[in-house]
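Report on the following structure.
The values are calculated or read from the model by the stated rules, or taken from the named source; none is laboratory data. Nothing here was measured: the structure is a model prediction, and the numbers come from that model. Cβ coordinates were reconstructed from backbone atoms using ideal geometry, including for glycine residues, and neighbour counts include every protein chain displayed. The accessibility values were calculated without ligands, DNA or RNA, using every heavy atom of the protein model including side chains. Shrake-Rupley method; radii C 1.70, N 1.55, O 1.52, S 1.80 Å.
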Amino acid sequence: MTHIPHGDHLIAGEKIRTEGRFSSAPATGQAHEFSVGNPDLVAQACAAADAAFGGFAATTREERAALLEAIAEEIDARGDAITEVGSAETGLPQARLQGERGRTTGQLRLFADHIRKGDYLDRRHDTALPDRQPLPRPDLRMMQRPIGPIAVFGASNFPLAFSVAGGDTAAALAAGCPVVVKGHSAHPGTGEIVGDAIVAAIKRLGMDPRIFSLVQGGKRDVGEALVTDPRIKAVGFTGSLGGGRALYNLCANRPEPIPFFGELGSVNPMFVLPAAAGARGEAIGQGWAASLTMGAGQFCTNPGIAVIVDGPDADAFAAAATEALQATAPQVMLTDGMADAYRQGAARVGAGKGVRSLVTTSCEARNASPYLFEVSAADWLENHELSEEVFGPLGVIVRVKDAAQMEEVARSFAGQLTATLQLDDGDTELGRRLLPVLERMAGRVLANGFPTGVEVADSMVHGGPYPASTNFGATSVGTLSIRRFLRPVCYQNLPEALIPADLND
Ligand code: NAP
């Protein structure tokens, strides 16, 4: 069965067709036409979200949990169409799209359970002390409340889990915040089906349709209008450093600045400590190559840089990675633009001072094959550009002369989503020295594994110091991500009749 998209925006429960059209650019199959977004439409969506906020913020946790579960059901009901359109638009294999759908619906259900429990409200109560001297203490209660309409930018590399009904939307709706999504033009048809699922779930439960809108992109002014609309109170974004920084600046320069929760670039360094390199350098090299090439390297947690002490163990590690990468077949990238950017990034790294090529490939059209380079730590430390993200299956091995230089290299990294230690028993002392450096650098520190693959769980942190994210106190994955769309309110001496139900149960 072939799914034909309707090509309309979804504004407050209505399909809206605008004048301009843009064409999708699928990796396979037929292109389709979609309405181009514009600032007037963004304003309409934001006005609807704002009007719906009071009512939605006052819904019970159970009502919002039921909404999240209904969205998951409606997405599953459209599973085949989502896989078909998503795979054609992005070039991602069908199995990946099916897995990502499971993660997306699992995420929605996890948030339903999370808000039912109520811990996220962080409720506190300091009872009144009327007889306290020299002054009585009032009755003080505190809990987290939703902040208002949220703008969500669908990510190109996760058409489901970080897009229309992805983690940002799930967290915002769970918190009680209406959402206006700017769809990503790399997968407008996939976004549309998921948007239809959200609209259907809202309708089925008789909730206010104004709590959700999807504005398709096609023009730069859509994103600008969205983050500068005075009714928007925070932004969730996953994408490039350049785009994220431009939108962040717009948020900061508004008359009322708002938080911009951007998840931007990361090279996710991996440190192979000497005992581990000696005992299993070859296996780590093979595992690293597999992690680097997963999903054509288009994961924000792709471990692009491996740091290892120079010598025979480093040779064995590099040889194993080289062999594994040479055997990797070309993979289709998400867009033509990303394939171009990947080739340019590889050329930039390859031209760096002291950089040697271990695996070079000829990547054609939208295909990506792996590149592998190596460089001494001395040259690497002098050339900051080598530590910048190249989005795709590209690895750089940095050879350090000893443990002290490994620590120096570790200290030189900008903020990262993840940092990985490969270590065995004999590496404990160096591991202890590196841990505080890695904690300072990254949102997630892992040992003896690979960072691609982010568990959606209570303890997960997918964030980190800039440029990994624009707000290092936050995560965009896991239940803690709801905190981005909440703020604490203190209620002082409120009469019993006015105390919100969430504070009383
Ligand atoms: P992007 O270019 O940053 O675009 C993301 C979203 O932001 C799109 O909806 C885009 O709208 C919008 N946008 C970007 N710049 C804007 C601006 N100046 N004003 C208004 N809106 C703006 O990212 P992408 O298209 O997803 O991927 C491009 C590159 O981003 C990749 O090659 C990769 O390097 C990086 N990336 C990184 C991650 C990560 O997790 N670290 C994930 C995905 C991508 P338009 O579509 O209208 O341009």
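Observations on the model:
- Percent antiparallel among DSSP beta bridges (both partners in the range 270-447, rounded to 5): 20
- Karplus 3J(HN,Hα) series, Hz, for the range 412-426 with 6.51 cos²θ - 1.76 cosθ + 1.60 (x for Gly, Pro): 7, 6, 6, x, 10, 6, 9, 9, 10, 10, 9, 8, 10, 3, x
- Angle between the chain longest axis and helix 61-77 axis [Cα atoms, degrees, rounded to 10]: 50
- Accessible-area composition of the range 167-255, carbon plus sulfur, in percent [1.4 Å probe]: 55
- Based on Cα contacts under 8 Å between residues 6+ apart, the range 270-447 shows a relative contact order of 29 percent.
- Positive contributions from Lys and Arg (+1) and negative ones from Asp and Glu (-1), summed over other residues with Cβ under 12 Å from the Cβ of His3, come out at -4.
- Under 11 Å, Cβ to Cβ, from Asp76 - net charge with Lys/Arg +1 and Asp/Glu -1: -1
- With the helix formula -39500 (n - 2.57) applied to DSSP H stretches of n ≥ 4, the chain reaches a computed 222 nm mean residue ellipticity of -12500 deg cm²/dmol.
- Those lysines that a straight Cα-Cα span of less than 23 Å connects to Lys219, excepting residues fewer than 8 apart in one chain: Lys15, Lys182, Lys233
- Long-range HN-HN contacts of Gln422 with modeled amide H, under 5 Å: Phe271, Val272, Leu273, Asn448
- Cα-based shape type of the chain, given that a ≥ b ≥ c are square roots of the gyration tensor eigenvalues and the cut on a/c is 1.5: oblate
- Put simply, when 426-432, 362-368, 274-280, 83-89 are sorted by average Cβ atoms within 10 angstrom per residue, most first, you get 83-89, 274-280, 362-368, 426-432.
- On Cα atoms only, tilt of 428-441 relative to the major axis of the chain in degrees: 50
- Area accessible to solvent at Met207, 1.4 Å probe radius, in Å²: 30
- The peptide list 143-149, 25-31, put in order of mean Cβ contacts within 10 Å with the highest first, becomes 143-149, 25-31.
- From most to least packed by mean Cβ count within 10 Å, the peptides 322-329, 8-15 give 8-15, 322-329.
- Solvent-accessible surface (1.4 Å probe) assigned to His384 amounts to roughly 110 Å².
- Residue-wise HN-Hα couplings along the range 264-280, as the Karplus relation 6.51 cos²θ - 1.76 cosθ + 1.60 with θ = phi - 60° gives them from phi, are 10, x, 7, 10, 6, x, 10, 10, 9, 7, x, 5, 5, 4, x, 7, 8 Hz; Gly and Pro carry x.
- Put simply, the amide H of Ala128, placed in the peptide plane, has neighbours under 5 Å in Asp139, Leu140, leaving out anything fewer than 5 places away on its chain.
- Solvent-accessible area per residue in the chain equals 40 Å², computed with a 1.4 angstrom probe and all protein chains kept.
- For Ala306, the amide hydrogen comes within under 5 Å of the amide hydrogens of Met270, Val396, Ile397, Val398, counting only partners 5 or more places away or on other chains and with H modelled in the peptide plane.
- Karplus (6.51, -1.76, 1.60) ³J(HN,Hα), θ = phi - 60°, over the range 44-54, in Hz, Gly and Pro reported as x: 4, 5, 5, 5, 5, 4, 5, 5, 7, 4, x
- Spin-label proximity, Arg487 to the range 232-262 - amide N less than 20 Å from point 7 Å beyond Cα toward beta carbon: 232-237, 248-262
- With contacts taken as Cα pairs under 8 Å and at least 6 residues apart, the chain reaches a relative contact order of 17 percent.
- Put Arg231, Arg210, Arg487, Arg440 in order of accessible area, highest first, and with a 1.4 Å probe you get Arg440, Arg487, Arg210, Arg231.
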